[in-house]
Amino acid sequence: MKASDFSELIKARLTLLVLLTTAVGYYVAAPSPISYIAFFHVVFGTAAAAAGAAALNQWWERKVDALMRRTQDRPVPAGRMSPNEALIVGSTMSIFGVAYLAFACNALSAALAAVTIIIYIFAYTPLKRVSTFNTLVGTIPGALPPVIGWVAARGRIDAGAWSLFVILVLWQLPHFFAIAWMYREDYSRAGFEMISSDDETGARSASQSVLFCILLLAMSGLPGFVGVANLIYVPVAVALSAAFVAVAMRFLRLRTRASARTLFLASIIYLPLLLGALVFTKI
């Protein structure tokens, strides 16, 4: 198995995002001084579980991936890796990640990782071909990693953990809507039910993006009000979120592939900046 194929199978860039959000969740929840051994344990275990879930997703969707231009060169549909290999890698890494968290961190963090995998594979993945509701369901496993990090540090889910969860849920929606509209023909070819499927003008995708960016603007300051970050965080979060809203409104005004891509890129820039503000203003 080539390293490049393994990297694509586990969706290395997505797994890196999981690693980042888990790390921030742990860091802002942990008391000082930070235990960097515990920090490593939760990030490593969660990354392994996420990588396993990504491989299982590609095993499950191998036939529809072959129908889409953006995914047909993935290792399984392209024939560089057998479905059994993907299944073994995915199952092994998923089980290992959950077990590692159970032994190295705590039972609750392991349970949340297991829930993340179950929702991603058995709810979000099959729902793609059934209902546009899949996008909202898909935000749940995407928003749980910082909660896993939080729970590894504190052993419980409290207001701070929920504030991170809400931010990640709301951030994912305009991010996904931009992608879905850019690749709407591909998704339709695969039979995926997305809000962009019959949205030729982009009006629905763009208006939904604006709506959730505005909700994110309203909720992004939450960590500053629940004892996670000091109040310096709040104006920074509001400024970043207002800029995100402006980019979404540009997509609504222009409704072009270029403006959708700009929104996608803005989402990629926005999240690390917001998480960085959270880290630097940690109480």
*Check every one of the helices (runs of 4 or more DSSP H) wholly within the range 10-94 and list those with 3 or more residues that are assigned by TED's automatic domain parsing to the domain that holds ALA114 and touching a residue at least 40 places away in the same chain (Cβ under 8 Å).*
12-29, 36-60
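Here's the yes/no breakdown for (1) of a type in the set (Lys, Arg); (2) in contact with a Phe, Trp or Tyr (Cβ under 9 Å, 6 or more places away or on another chain); (3) crowded, with 16+ Cβ neighbours inside 10 Å:
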position: GLY90; (1), (2), (3): no, yes, yes
position: SER94; (1), (2), (3): no, no, yes
position: ALA102; (1), (2), (3): no, no, yes
position: ALA111; (1), (2), (3): no, no, no
position: ILE118; (1), (2), (3): no, no, no
position: VAL130; (1), (2), (3): no, no, no
*Any idea which residue in the range 198-214 is surrounded by the fewest Cβ atoms within 10 Å (Cβ to Cβ), counting only those that are within 17 Å of TYR187 (Cβ to Cβ) and touching a residue at least 40 places away in the same chain (Cβ under 8 Å)?*
THR201
_Count of the range 67-83 residues which are surrounded by fewer than 16 Cβ atoms within 10 Å (Cβ to Cβ) and either acidic (Asp, Glu) or more than 13 Å from LEU9 (Cβ to Cβ) (or both)_ = 5
*Report yes if LEU19 is under 16 Å from TRP150 (Cβ atoms), crowded, with 23+ Cβ neighbours inside 10 Å and not polar (S, T, N, Q), otherwise no.*
no
*Search result, residues across the range 144-181 that are farther than 24 Å from ALA266 by Cβ and surrounded by fewer than 22 Cβ atoms within 10 Å (Cβ to Cβ)*: ARG154, GLY155, ARG156, ILE157, ASP158, ALA159, TRP162
*Exclusive hit being free of Cβ contacts under 8 Å to residues at least 12 places away in the same chain, among the small types (Gly, Ala, Ser), in a helix (DSSP H, G or I) and touching a helix residue (DSSP H, G or I) at 6+ places or on another chain (Cβ under 7 Å), set ALA102, ALA114*: ALA102
*What number of residues within the range 265-281 are buried (at least 19 other Cβ atoms within 10 Å of the Cβ) and either part of a helix (DSSP H, G or I) or of a type in the set (Asp, Glu) (or both)?*
8
*State which residue pairs qualify: first residue over 12 Å from VAL130 (Cα atoms) and surrounded by 16 or more Cβ atoms within 10 Å (Cβ to Cβ) and inside the range 182-194, second residue modelled with pLDDT of 95 or more and of a type in the set (A, V, I, L, M) in any location, beta carbons under 8 Å apart, and separation of 6 or more residues or different chains.*
MET182/ALA260; TYR187/ALA180
*among the β-branched types (Val, Ile, Thr), out of contact with any strand residue (DSSP E or B) (no Cβ under 6 Å at 6 or more places or on another chain) and surrounded by fewer than 24 Cβ atoms within 10 Å (Cβ to Cβ): does that describe VAL64?*
yes
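The values are calculated or read from the model by the stated rules, or taken from the named source; none is laboratory data. Keep in mind that this is a model prediction, so the values were computed, not measured. When we count neighbours, we look across all protein chains shown, and the Cβ atoms used for this are built from the backbone with ideal geometry, even at glycine.
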